[in-house]
Amino acid sequence: MRILLPAIAALAVTVALPRAVRAETIVKERFGCHTQEVTDRLFKLVMAGEELAFGQLLKGSLATGECRSWKLGEDVRLETRTMTYGCLALTNAQDRCYWTPLSAIETAK
């Protein structure tokens with residue numbers, strides 16, 4: 001058990017470490033937010049069926065610029081990723097990245 005916990009911790013850190021920036025294209029319209037916590041909270045609201053709360057939080061987050069909607073075909077750069085999210089930014093801008101589900105850039109297999 002003593003060996004297993006450090007190995008799991010090292011794996012978690014490795015998965016979240018920045019990798020080489022890759023060019024990608026949006027293949028599914030999704031939203032992304034500057035902080036992974038806001039993106040997580042939005043998806044948890046969806047999963048819980050809290051549509052009204054989801055709509056209010058997303059509308060407010062879009063209005064403040066915390067979140068943005070990605071459009072089909074937009075060229076983005078993948079700056080870093082976890083197992084389920086990638087931090088995406090437009091390739092032709094120097095904006096901060098937005099944590100977005102990887103399904104936005106991954107085609108169905």
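Any read-out appearing in this document is the output of simple, stated calculations on the displayed coordinates, not a laboratory observation. Please read all numbers here as calculations on a predicted model, not as lab measurements. So basically every Cβ, Gly included, is an ideal-geometry build from the backbone, and we count neighbours across all protein chains shown.
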Checklist entry - Among the residues of the stretch 73-94, which ones are more than 19 Å from Glu37 (Cβ to Cβ) and surrounded by 11 or more Cβ atoms within 10 Å (Cβ to Cβ)? => result Glu74, Asp75, Val76, Arg77, Leu78, Leu90, Thr91
Item to check | Any chance Glu66 is among the charged types (D, E, K, R), surrounded by fewer than 12 Cβ atoms within 10 Å (Cβ to Cβ) and farther than 13 Å from Ile26 by Cα | outcome: no
